[in-house]
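The values are calculated or read from the model by the stated rules, or taken from the named source; none is laboratory data. Computed from a predicted model, the values in this text were never measured in an experiment. We place every Cβ from the backbone using ideal geometry, glycine too, and count neighbours over all the protein chains shown. These accessible areas exclude ligands, DNA and RNA; they are computed on the full protein's heavy atoms, side chains included. Shrake-Rupley method; radii C 1.70, N 1.55, O 1.52, S 1.80 Å.
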Amino acid sequence: SATRHVGACEIEASGPFGRVLVQANEAKGHPDAPLTTQELHEKFCANVALAGMGSVEAQALADALRALDSSSDLAPILRALRRPQARTPLARQ
């Protein structure tokens with residue numbers, strides 16, 4: 001078990017479909033409930049989309065990052081990160 005306790009949660013919904021209760025002991029992404037490779041990829045793409053990166057660019061960056069351990073050249077990562085300007089400006093909070 002990981003040393004950081006995120007806590008359990010319980011969600012209940014009711015409607016025409018009846019009553020549904022969902023419980024989780026660990027948050028998805030916690031070391032005890034890790035994301036699958038596909039879930040991690042989808043989360044990565046969703047996050048880089050917030051910076052205005054399109055799906056093709058996101059895939060190129062993801063591929064470059066996955067190859068980082070076997071590469072002696074950071075140029076593919078730097079190329080994947082280099083864009084003249086984000087297409088979707090980030091909102092200031």
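Could you go through segment 59-66 and let me know if any residue there is closer than 30 Å to ALA8 by Cβ, open to solvent by less than 50 Å² (accessible area, probe 1.4 Å) and assigned to a helix (DSSP H, G or I).
Checked segment 59-66: no residue is closer than 30 Å to ALA8 by Cβ, open to solvent by less than 50 Å² (accessible area, probe 1.4 Å) and assigned to a helix (DSSP H, G or I).
Being part of a loop (DSSP other than H, G, I, E, B) and either over 22 Å from GLU42 (Cβ atoms) or modelled with pLDDT of 85 or more (or both) is the filter here; which residues of segment 67-85 pass it?
The answer is ALA67, SER71, SER72, ASP73, LEU74, ARG82, PRO84, GLN85.
Would you tally the residues in segment 42-55 being open to solvent by 40 Å² or more (accessible area, probe 1.4 Å) and in a helix (DSSP H, G or I)?
Count: 7.
Any residue in segment 12-41 that's part of a strand (DSSP E or B): show its pairings with residues that are not hydrophobic (A, V, I, L, M, F, W, C) at Cβ separation under 6 Å, as long as the two are six or more apart or on different chains.
Listed by first residue and then by second, the contacts come to LEU21/GLU12; GLN23/GLU10.
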